[in-house]
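The values are calculated or read from the model by the stated rules, or taken from the named source; none is laboratory data. Bear in mind that the values here come from a model prediction, so they are computed numbers and not experimental data. Note that we place each Cβ from the backbone using ideal geometry, even for glycine, and neighbour counts take in every protein chain shown. Just so you know, the surface numbers come from the protein's heavy atoms only, side chains and all, with ligands and any DNA or RNA stripped out. Shrake-Rupley method; radii C 1.70, N 1.55, O 1.52, S 1.80 Å.
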Amino acid sequence: MSVRLPASRAEALAMLADHPDAVPMAGGTDLLVHWPAQVERHEREYVDLSGVGDLRSHRWTDDALVLGALTTYWDVIRDPRVAIEFPLLVAAAREVGAVQIQARGTWAGNIANASPAADGVPALMAYDAVVVLESRTGIDEVPLDRFYTGYKQMRRRPDQLVTAIRVPRAARDVQVFEKVGTRRAQAIAKVGLAVTRGVAGWRVVASSVAPTVRRCPAIERLLVEGAPIGAPGDLLPALDRDVTPIDDVRSTAEYRRLTLARVMHYALRDHWGRA
Ligand SMILES: Cc1cc2nc3c(=O)[nH]c(=O)nc-3n(C[C@H](O)[C@H](O)[C@H](O)COP(=O)(O)OP(=O)(O)OC[C@H]3O[C@@H](n4cnc5c(N)ncnc54)[C@H](O)[C@@H]3O)c2cc1C
């Protein structure tokens, strides 16, 4: 195993530009969990970002909360302003693994790992977060809801780092985060849901029910139109347009489909039929 230890952002970007197969490493909680089983990964070259001080902190600007590439779940939990302005980020952070993982795992790692069952991604997507990608040749910004192109596929080139995640500050009168797992801690989502309503409209985001975390435009339309929804089953025609759950070790596709309908119906019980 070869590990490079850049001391600055410029050095990290140069290493990725010069070594296109190199793998960025932040907290390592996704990368290293597969270590014992996937020995071929031992031969890869890693760029350990932990020494790059200016990627670490999060900061507030007039119009956004900006999470640095090394901002952890615990950093967000500890900042009381986040609970006030972005409660779903705190709710999601508290659902990730347990406290040890919350202290090491980063939001950028959660995005770049691209798991359909991620907990941080749905909360960020419901807040219209933007992924800031940097390479030696420049900066690109991609809205998170357009970042993924398929299972584990994303709009990030190998020479790019996620250097920040910009979360726009805005008034939102509905904010919901739900995770269905086997237990309260150390459980990957069988189904996840994050919902907001702000000036830009409804954002309904589901996890663990498609190849990527994704928005549910057909459900958002039902909310905008004030469609009468009397029971969870009334959501299924729209839900079947938005998501494509699969059977796997954690759950069956049908369980996921019916559970998401139930969770959604209950979580938004005051809003169905009220355009
Ligand atoms: C016991 C356990 C429990 C867990 N529970 C949960 C859970 O409940 N919910 C959940 O969502 N996740 C969970 N995870 C997964 C993991 O902790 C999170 O996805 C975490 O956010 C990953 O962040 P990291 O910094 O550790 O990423 P790393 O492991 O360092 O990297 C993950 C991926 O992102 C890439 N990467 C990292 N940083 C960057 C960057 N700045 N730019 C570009 N690419 C980058 C890496 O190359 C790698 O592909 C769990 C993991 C473990 C081991």
Looking at the structure I just gave you, is ARG166 away from the ligand (no atom under 12 Å from the Cβ) and charged (D, E, K, R)?
yes
Of GLY109, GLY150, the only residue that is more than 10 Å from the ligand (Cβ to nearest atom), in contact with a Ser or Thr (Cβ under 9 Å, 6 or more places away or on another chain), touching a residue at least 60 places away in the same chain (Cβ under 8 Å) and not acidic (Asp, Glu) is GLY150
Scanning region 131-140 residue by residue, those more than 10 Å from the ligand (Cβ to nearest atom) and of a type outside the set (A, V, I, L, M) turn out to be SER135, ARG136, THR137, GLY138, ASP140
Pairing a residue in region 223-243 that is within 13 Å of VAL209 (Cβ to Cβ) and part of a loop (DSSP other than H, G, I, E, B) with any residue that is of a type in the set (A, V, I, L, M, F, W, C) and modelled with pLDDT of 95 or more, where Cβ atoms lie under 8 Å and the two sit 6 or more apart in sequence or on different chains, gives VAL243/ALA206; VAL243/VAL209; VAL243/ALA210; VAL243/CYS216; VAL243/LEU260
Residue set ASP54, ASP21, ASP75; condition part of a loop (DSSP other than H, G, I, E, B) and either open to solvent by 60 Å² or more (accessible area, probe 1.4 Å) or more than 10 Å from the ligand (Cβ to nearest atom) (or both); output residue ASP21
Of the listed residues (LEU161, LEU193), the one being over 23 Å from LEU235 (Cα atoms) and open to solvent by less than 10 Å² (accessible area, probe 1.4 Å) is LEU161
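Here are VAL224, VAL209, VAL205: which of them is more than 13 Å from the ligand (Cβ to nearest atom), under 22 Å from ILE101 (Cβ atoms) and either over 16 Å from the mean Cα position of the chain (by Cα) or buried (at least 21 other Cβ atoms within 10 Å of the Cβ) (or both)?
Unique residue meeting the criteria: VAL205.
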PRO80: passes all of (1) open to solvent by 30 Å² or more (accessible area, probe 1.4 Å); (2) closer than 22 Å to ARG172 by Cβ; (3) in contact with a Pro (Cβ under 9 Å, 6 or more places away or on another chain) but (3)
With the structure loaded, tell me whether PRO36 is at pLDDT below 95 and either open to solvent by 70 Å² or more (accessible area, probe 1.4 Å) or within 13 Å of the ligand (Cβ to nearest atom) (or both) or whether it fails that test.
yes
Any residue at all in region 186-202 that's within 11 Å of the ligand (Cβ to nearest atom) and free of Cβ contacts under 8 Å to residues at least 24 places away in the same chain? yes
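Within region 112-130, can you find the residues that are more than 7 Å from the ligand (Cβ to nearest atom) and either over 26 Å from ASP173 (Cβ atoms) or open to solvent by 10 Å² or more (accessible area, probe 1.4 Å) (or both)?
If we filter region 112-130 for residues that are more than 7 Å from the ligand (Cβ to nearest atom), which is where we start, we get 114, 116, 121-130.
ALA114, PRO116, ASP128, VAL130 - these are the residues of region 112-130 that are more than 7 Å from the ligand (Cβ to nearest atom) and either over 26 Å from ASP173 (Cβ atoms) or open to solvent by 10 Å² or more (accessible area, probe 1.4 Å) (or both).
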*Hey, ILE219 within 15 Å of the ligand (Cβ to nearest atom), within 24 Å of LEU89 (Cα to Cα) and in contact (Cβ under 8 Å) with a residue 40 or more places away in the chain or not*: no
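In region 57-72, what count of residues is obtained for those that are in a strand (DSSP E or B) and more than 10 Å from the ligand (Cβ to nearest atom)?
Number satisfying all stated conditions: 7.
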Going through (1) within 13 Å of the ligand (Cβ to nearest atom); (2) open to solvent by 60 Å² or more (accessible area, probe 1.4 Å) one by one, ALA26 fails only at (2)
Taking region 78-106 and keeping residues in a helix (DSSP H, G or I), over 19 Å from PRO24 (Cα atoms) and within 7 Å of the ligand (Cβ to nearest atom) leaves GLU95
